[in-house]
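Asks: Before I ask anything, let me first share the structure, which is written out below as structure tokens.
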Amino acid sequence: MFRRTIPLIFAFVVGTFMVIQFFIPHPTFQAIYNGVLDWQQVIFGFVLVVGTLSMVRHHVIRIQRKKEGYRYSMVALLGLVSMVLAGIIGGIRGGPYKWMFDYIQMPAQSSMFSLLAFFVASASYRAFRARSVTATLLLVAGVIVMLGRVPAGEYIHVGGLSLTDISTWILDYPNTAAKRGILIGVGLGMTATALKIILGIETSYLGRGD
Amino acid sequence: MGLPNALLNIDRKFIFAGVALSIAIPLLNPIGFGTSVTRQVQNVYDFVEKLEEGSTVILSFDYEPSTMAELDPMARTLLKHLFRKKARVLGMALLAGAPGIAESILQEEADAAEKEYGIEWVFLGYVPAPTAAMLRIGEDISMVYPTDQYGTLITEFPLMRSVKNYRDIDLVISLSSTAMPQFWAQYAHDRYGAPVAVGATAVEAIRMYPYHDSGQIVGFLGGLKGAAEYETLVGQPGEGIKGMDAQTIAHLFMVLMIVIGNVGHVIERRRGKSS
């Protein structure tokens, strides 16, 4: 009962209320709605705590069992502890916390992301091949957008139009049409899934349970 | 080995070296390519340009250091424009890694424009649960941010005394490398009617076209090019315009590699057919 019936009733009541309140601008409904939003933020705060504890547990186990690459786990835990301590002791405005953010976290994260440029170049050289009609279409569209999105595209003309113009057309029409179709599909899917959860048809969020 | 094989099997080390050089050389020796302005960026600029003195703008830093190369130039040039228009700026962050970036940029641009904290700008800091925060701001911002980033009650700031919810906000700008701008459009604009503008990474900007065409966002800046376009409009060249040189050469290099690969592929296929 506690693992299945009560959560299902809770999902039904809260889900139905959140749909109904949207159409009723009464102060009572408004107050409950605000309460639900506050609770959402409180729960999210706890999720951060659970996530941190889970990460610590994962790395401690790796270190204890001396799994391959366990030294990286030591670095991860050291980073976590030192950032927390620096923030608590020195505050977050200036001091060691800000120094570590500016000179360790920022360059490290930026460097990791910038590696994408190298891998994208290598991957596009190997994968962007005109093997079929559809692959050729993708290749041509990709090259036009790549050149059209940089100033060079303004100087290259095809049939009186610059690559920038053609690239803008591709993004404004075929791209928007495809994205709109996907968004409508996702929206309908989300509505259907929400209804299934509210009505108790979709129960996978309860886990495998009993 | 033969020519097709040579063209099809260029060692990745050479490709990596080519990318590194095509980015580094233009950064060290700027070429000064200009860039045309797209209507999406022009619309953001026009909207900010029409803001009256004393308008209030939320600038939400919804990105982390990984994408700062694309989004920092946008944040800086938007702040320059907003401060020049004498708009009041509420800085906030909806990702845990964002406050460190937001803090530095807001402070530097406010100092450069000689703006006073608490009167002309405030940094509210990070809150968890982004969608709940967006919706709650529609009711009462002080319930999401009772204090600023440094623990001062927001009621103590003259700027915040006239701001309760989206009705007092003239524009929301989300700078993001995630799907966050879509939520801003769906919640802040669709539910509460707040105008929303977006600065997105080039990858994420693709998602913004339907929202722009439907009028859910006033416009958007896409990738480094978007930042360069806005810098051009504001008339203050920065990292965006500087970066476009490197991006141009890098894209040309990548297209060259794709062409080389395809020439090799075509020659090999023809040889295969004839044999």
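FYI, it's all coordinate maths here, none of it is from the lab. Values in this document were obtained by computation on a predicted structure and should not be read as measured data. Methodologically, a virtual Cβ is constructed for each residue, glycine included, from the backbone with ideal geometry; neighbour enumeration extends over all protein chains shown.
Asks: Go through A:Ser122, A:Ser110 for me and flag whichever is of a type outside the set (A, V, I, L, M, F, W, C), out of contact with any Lys or Arg (no Cβ under 9 Å at 6 or more places or on another chain), facing chain B (nearest Cβ under 10 Å) and within 30 Å of B:Phe33 (Cβ to Cβ).
Replies: Only one candidate passes the filter, namely A:Ser110.
Asks: I'd like the full set of residues that are exposed (fewer than 13 other Cβ atoms within 10 Å of the Cβ), assigned to a loop (DSSP other than H, G, I, E, B) and within 9 Å of chain A (Cβ to nearest Cβ), limited to the range B:32-64.
Replies: B:Gly34
Asks: Still on this model: Quick check on my filter: what residues within the range A:104-134 are exposed (fewer than 12 other Cβ atoms within 10 Å of the Cβ) and more than 25 Å from the chain's Cα centre (by Cα)?
Replies: Result: A:Ser132, A:Val133, A:Thr134.
Asks: Every residue in the range B:55-97 that is of a type in the set (Gly, Ala, Ser) and within 22 Å of B:Pro237 (Cα to Cα), please.
Replies: Residues satisfying the conditions are B:Ala69, B:Ala75, B:Ala87.
Asks: Within the group B:Gly222, B:Gly215, which residue is within 20 Å of the chain's Cα centre (by Cα), of a type outside the set (Phe, Trp, Tyr) and either facing chain A (nearest Cβ under 9 Å) or within 30 Å of B:Leu27 (Cα to Cα) (or both)?
Replies: B:Gly222
Asks: If you check B:Ile25 against the conditions, is it assigned to a helix (DSSP H, G or I) and either in contact with a helix residue (DSSP H, G or I) (Cβ under 7 Å, 6 or more places away or on another chain) or more than 12 Å from every other protein chain (Cβ to nearest Cβ) (or both)?
Replies: yes
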